[in-house]
Amino acid sequence: MEQTLINSMGSTMGFPILSTLIFLPVVGAALILLINRANESLAKWAALLFSVATFLVSIPLFTNFNKATHEMQFVEKHAWVPAWNINYHLGLDGISILFVLLSALVAILCVLISWNSVKMKSKEFFISILIVESAMIGVFCSLDFFLFYIFWEAMLIPMYLLIGVWGGPNRVYAAVKFFLYTLVGSVLMLVGIITLYLYAGRNFDIVALSKMILPYDMQFWLFWAFFAAFAVKVPMFPVHTWLPDAHTEAPTAGSVILAAVLIKMGAYGFLRFSLPMLPEASRAMSPVMIVLSVIAIIYGGVICLAQTDLKRLIAYSSVSHMGFVTLGIFAMNVQGMEGGILQMLNHGIVTGGLFLGVGAIYDRTHTRQISDYGGVASVMPIFSAIFIIYTLASIGLPATNGFVGEFLILLGGFRASQWAGVLSASGIIIGAGYMLWLYQRVFFMETNQKVVGLADVNAREMAALLPMVVLIFWIGIYPTDFLGFMHESVRHLLERVNDGSARGISVAHNVFESLK
Amino acid sequence: MPDLGPIMPEIVLTVLALLVLVADLVIKRTETIGLMSIIAAAVVAYTMQGAQGVAFNGMFISDGYSMFFKMIFILNLILTVLISVKYIKIVRVNFGEYYSLLLFSTLGMMIMASAGDLIVLYLGLELMALSVYILAGFIRYDMKSNEAALKYFLLGAFASAFLLYGTALVYGMTGTTDIRGIADYIARNGLANNQMLLLAMIFIAAAFSFKIAAVPFHMWAPDTYEGAPTSVTAYMSVGPKAAGFAVIGRVFLVAFAGLKVEWSAILIPIAILTMGVGNIVALSQTNIKRMLAYSSIAHAGYALLGIIAGTPDGMASVMVYMLVYAFMNIGAFAVIIMLRSGDFKGENITDYEGLAKSHPLAAGLMLIFMFSLTGIPPTAGFMGKFYVFMSAIQAGYTWVVLIAVIFSAISAYFYLRIVMLMYFREPKETVELASSPAIGLALAVAVIGVLVIGIIPSAFVNIAKMAVAGF
């Protein structure tokens, strides 16, 4: 049947590779739980072992993925709660696959960078990391809306603990704020999900729901219900205020997970749910979304110029960069959308890298204030070299991944609306301003007393920092390896969104059209 | 001689409860009495197997619906006994009557769930209520416990009077107290718009709202929950509430089925107020028992959504919700009870500071119960809320559910505060835990219940659906 056909396309010989990816970290977490507190140092080795194993299991996804189809691959489907017609349904397409790989990679780097810096309750720390990993992979693999929601919400628990237990001085405030913001958004989405489920005759199947045609009124309200959850996660202006606090106060690994993967889930939500399930509403709302994106790009960038805290600056730069992502997605053309997806990956790599770098130096100095640094390049030359690569990739210099993504987004943005393109291009200039100024204040200028005599990065830290450098150049020089994954899926999605037969194009959309 | 089969579990429980009462005279060790009451509960659960049917001309109905609730009552009873054994010694009220009162009140709840007649309903309700009044005041030397019992008794007496007055009016209008008879009479004579009947319904709604602690009939709950012995608080936050929902289901969905529009108009504001007051006032509590009292009020509000839906799915969702609530709430109270050792009360939420460091297992369990009460997957609390919300949305009450989810998000703040204190703070003083194998068993049952229903809810949902089908 269809099922077996799809299975043969993502040829893993019937091996439940996605379930393995989701549950291997959980097994690791359970084993760590059993470790005696006297042997607590075993915890990090176990975490490393299981995160590496998970990553190795994920490699066949990269090699066996069939790029010629938009259909779901590596599909697994079992009845889970028959009473409510809920299935344990997993699968990947060109939009989700890269984020599964990214999640698996980021988990390893998080374990490595936290190796010596987590001294208190390290057992619980590594358990939390592994559970977050499994929930992240679960979010990207779910093809059942209910299952998706379970992973989406379940992730809150370990993230809340990561920020609240191992975070900075203001961690409790940041953890509660993060939790409440996300929860309010999520429960509103839940009402939307249930409405959709009942309308579809008690069906949570994402693939089936993405083929339905809903009345415009319903699409409109569902769009905003989903927006509540996804916009908070992205985070879009004006619901971004949890992000600077959470990113700043989280421990290094928490910031990396937040920046690299967690906030991608919001943009992924728009791509996986809002656009295909609510195409007319998405199209009608795209002007609003583009305006919010442009505000985020510029406002996020300008705020960065005023930051005195390293992590807070990078956190605000995420608001700006994620603005590019949502701009690309809601430009609703091939360049914009592919650029948006690629930029999600890029931002994960670059900002993940920046937070890893900040973590490495924070372990040495225990300060996040930019004014406490200066002249780091003279004491930590290798680290400085790696960090400048991250910085330039963040700015979007050609030959780095940031350039490819932002270029495509701007191309798509211009096609959608010229003024949006022009305004967001200025965001890149602001980006160059704050990132280069940051680099200058931290690595050049007079050597600050606090950084004198710091040891350069060791082998473990190199292992954590270098994979991102490789990816920066790989995507920057030969993006086809990555864009190739998404062509078919993006084409299919855009066909759905821009379907000429779709009804109910709004007045707002027409006004927007005439502006072009 | 009528067929006593359907009422056999209640007869068995009556006999066993009396036996326990007498045994207290000869057996000095109260642990043995506790064990006897658990065995009694198990025997009753066993006799329930063959007890399907109707007795006394429809006055007593033993169907799937009542059995589902009875299983909740028995679970509630067993878990309460397990958490009580050590606790009642610590608070120096180690008397055997405690257990027989638990048994008698459970008997009352079982009769309520099976009531096919408003008079039988009243009998069960009074048996339950009188036993729980005494239990609430069981710590005789403690003024707060006395206050708890007195408040509960006085307001409970009013509620009973309301119920009787409502019943009398219904009898006056329809000439019967039989629940199906009332429904038939209303349908046959087109009484749906009758003012007198509406008044009767309002009285009955008020009485039941009192039992489930719904706003504005919740005033007794915080003081009573705080003052009563903690084990009794656990018991009455689940049992009487579930029994209240069992009779609400019968009376509103069967007897007053023809007045759905009218009672929805009454219950919707009650549900919204209940969720609102419960969740918002809980935010400012510093005593954990009081906080859970307001949380218990709020949960009654969520469960009311299932009744408001007025569909079989809605009723099934209420039943699942009560089961879930039994596991997570008694679980939370079991942890609270362990903090009480010697003269240290452990009732201030600040007593939980740093618990994760000194007692990681207890803190971990409390974390699960708190997340479940918030309704975060993969815990049972989420599945319960999901089902209730789904039924209400299906019945067209999306706007009420929107209000409910917002309050549910607000509730995260006070539940998480406990987690925050346990995990994010350093312990101020060393807290001794009064753990015992019995409490350990209760906690194990509760946490397994919370996780199993949270991960594989199917079986429980199907049982509830089947139970409602025959009702």
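The values are calculated or read from the model by the stated rules, or taken from the named source; none is laboratory data. The shown structure was predicted, so the numbers you read here are calculated from the model rather than taken from an experiment. So basically every Cβ, Gly included, is an ideal-geometry build from the backbone, and we count neighbours across all protein chains shown.
Computed quantities for the displayed model
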| read-out | value |
| --- | --- |
| Qualifying residue in segment B:351-363 (condition: crowded, with 24+ Cβ neighbours inside 10 Å, aliphatic (A, V, I, L, M) and not in a strand (DSSP E or B)) | yes |
| Filter pass, B:Val324 being surrounded by 24 or more Cβ atoms within 10 Å (Cβ to Cβ), within 26 Å of A:Val165 (Cα to Cα) and away from chain A (no Cβ under 13 Å) | no |
| Any hit, segment A:219-233, residues being closer than 21 Å to B:Tyr415 by Cβ and more than 11 Å from chain B (Cβ to nearest Cβ) | yes |
| Test: residue in segment A:292-301 that is of a type in the set (Ser, Thr, Tyr) and either over 22 Å from A:Asn498 (Cα atoms) or touching a strand residue (DSSP E or B) at 6+ places or on another chain (Cβ under 7 Å) (or both) | yes |
| Flag if A:Val191 is free of Cβ contacts under 8 Å to residues at least 40 places away in the same chain and either facing chain B (nearest Cβ under 10 Å) or surrounded by fewer than 19 Cβ atoms within 10 Å (Cβ to Cβ) (or both) | yes |
| Subset tally (residues that are surrounded by 14 or more Cβ atoms within 10 Å (Cβ to Cβ), within 14 Å of another protein chain (Cβ to nearest Cβ) and either under 25 Å from B:Gly249 (Cβ atoms) or hydroxyl-bearing (Ser, Thr, Tyr) (or both)) for segment B:445-469 | 14 |
| Qualifying residue in segment A:133-151 (condition: within 11 Å of chain B (Cβ to nearest Cβ), part of a helix (DSSP H, G or I), in contact with a Gly (Cβ under 6 Å, 6 or more places away or on another chain) and closer than 26 Å to A:Ile97 by Cα) | yes |
| Single match in B:Ile38, B:Ile11, B:Ile111, B:Ile88 (criterion: touching a strand residue (DSSP E or B) at 6+ places or on another chain (Cβ under 9 Å) and not in a loop (DSSP other than H, G, I, E, B)) | B:Ile111 |
| Any helices (runs of 4 or more DSSP H) falling wholly within segment B:223-334 and containing at least 3 residues that are touching an Asp or Glu at 6+ places or on another chain (Cβ under 7 Å) and either within 15 Å of B:Leu373 (Cβ to Cβ) or at pLDDT 95 or above (or both) | B:288-309 |
| Condition broken by B:Leu416, with the remaining ones in (1) closer than 22 Å to B:Leu304 by Cα; (2) at the interface with chain A (Cβ under 8 Å from one of its Cβ atoms) satisfied | (1) |
| Those residues of segment B:388-398 which are within 29 Å of B:Leu367 (Cβ to Cβ) and facing chain A (nearest Cβ under 8 Å), in sequence order | B:Phe389, B:Met390 |
| Exclusive hit being more than 10 Å from chain B (Cβ to nearest Cβ), under 19 Å from A:Ala250 (Cα atoms) and in contact (Cβ under 8 Å) with a residue 40 or more places away in the chain, set A:Met159, A:Met212 | A:Met159 |
| Residue satisfying all of: in segment A:215-248; of a type in the set (A, V, I, L, M) and part of a loop (DSSP other than H, G, I, E, B); surrounded by the fewest Cβ atoms within 10 Å (Cβ to Cβ) among these | A:Val239 |
| Residue list for segment A:67-83, filter: farther than 22 Å from B:Ala459 by Cα, among the charged types (D, E, K, R), assigned to a strand (DSSP E or B) and out of contact with any Pro (no Cβ under 6 Å at 6 or more places or on another chain) | none |
| When residues of segment A:197-206 are limited to those that are in contact (Cβ under 8 Å) with a residue 24 or more places away in the chain and surrounded by fewer than 24 Cβ atoms within 10 Å (Cβ to Cβ), the one nearest to the other protein chains (Cβ to nearest Cβ) | A:Tyr197 |
| The lone exception for A:His70 - which of (1) in contact with a strand residue (DSSP E or B) (Cβ under 9 Å, 6 or more places away or on another chain); (2) touching a residue at least 24 places away in the same chain (Cβ under 8 Å) it fails | (1) |
| Single condition B:Ala442 does not satisfy, out of (1) within 30 Å of A:Arg171 (Cα to Cα); (2) crowded, with 17+ Cβ neighbours inside 10 Å | (1) |
| Boolean, A:Ile409 is in contact with a Phe, Trp or Tyr (Cβ under 7 Å, 6 or more places away or on another chain) and more than 24 Å from A:Leu105 (Cα to Cα) | yes |
| Hits in segment A:291-331 - residues which are β-branched (Val, Ile, Thr), in contact with a Gly (Cβ under 8 Å, 6 or more places away or on another chain) and surrounded by fewer than 24 Cβ atoms within 10 Å (Cβ to Cβ) | A:Ile295, A:Ile298 |
| Single unsatisfied condition, B:Tyr46 versus (1) of a type in the set (Ser, Thr, Tyr); (2) in contact (Cβ under 8 Å) with a residue 12 or more places away in the chain; (3) more than 19 Å from B:Ser237 (Cα to Cα) | (2) |
| Any hit, segment A:44-56, residues being hydroxyl-bearing (Ser, Thr, Tyr) and either surrounded by fewer than 22 Cβ atoms within 10 Å (Cβ to Cβ) or within 14 Å of another protein chain (Cβ to nearest Cβ) (or both) | no |
| Flag for A:Ile395 being surrounded by 20 or more Cβ atoms within 10 Å (Cβ to Cβ) and at negative phi | yes |
| Members of segment B:349-375 that are at the interface with another protein chain (Cβ under 10 Å from one of its Cβ atoms), of a type outside the set (A, V, I, L, M) and under 28 Å from the mean Cα position of the chain (by Cα) | B:Gly364, B:Phe371, B:Thr374, B:Gly375 |
| Lone unmet requirement of (1) more than 24 Å from A:Phe151 (Cα to Cα); (2) of a type in the set (D, E, K, R); (3) within 14 Å of another protein chain (Cβ to nearest Cβ) for B:Lys385 | (1) |
| When residues of segment A:168-184 are limited to those that are more than 7 Å from chain B (Cβ to nearest Cβ) and either touching a His at 6+ places or on another chain (Cβ under 9 Å) or crowded, with 24+ Cβ neighbours inside 10 Å (or both), the one farthest from B:Ile368 (Cα to Cα) | A:Ala174 |
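Each row is one residue, and each column tells you yes or no for (1) of a type in the set (Ser, Thr, Tyr); (2) touching a Phe, Trp or Tyr at 6+ places or on another chain (Cβ under 8 Å); (3) farther than 25 Å from A:Leu31 by Cβ.
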{"site": "A:Leu98", "(1), (2), (3)": "no, yes, yes"}
{"site": "A:Lys123", "(1), (2), (3)": "no, no, no"}
{"site": "A:Ile129", "(1), (2), (3)": "no, no, no"}
{"site": "A:Glu133", "(1), (2), (3)": "no, no, no"}
{"site": "A:Phe140", "(1), (2), (3)": "no, yes, no"}
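Here's the yes/no breakdown for (1) among the hydrophobic types (A, V, I, L, M, F, W, C); (2) within 28 Å of B:Ala409 (Cβ to Cβ); (3) in contact (Cβ under 8 Å) with a residue 12 or more places away in the chain:
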{"position": "B:Tyr235", "(1), (2), (3)": "no, no, yes"}
{"position": "B:Gly239", "(1), (2), (3)": "no, no, yes"}
{"position": "B:Val247", "(1), (2), (3)": "yes, no, yes"}
{"position": "B:Arg250", "(1), (2), (3)": "no, no, yes"}
{"position": "B:Leu283", "(1), (2), (3)": "yes, yes, yes"}
{"position": "B:Thr286", "(1), (2), (3)": "no, yes, yes"}
{"position": "B:Ile297", "(1), (2), (3)": "yes, yes, yes"}
{"position": "B:Ala300", "(1), (2), (3)": "yes, yes, yes"}
{"position": "B:Ala303", "(1), (2), (3)": "yes, yes, yes"}
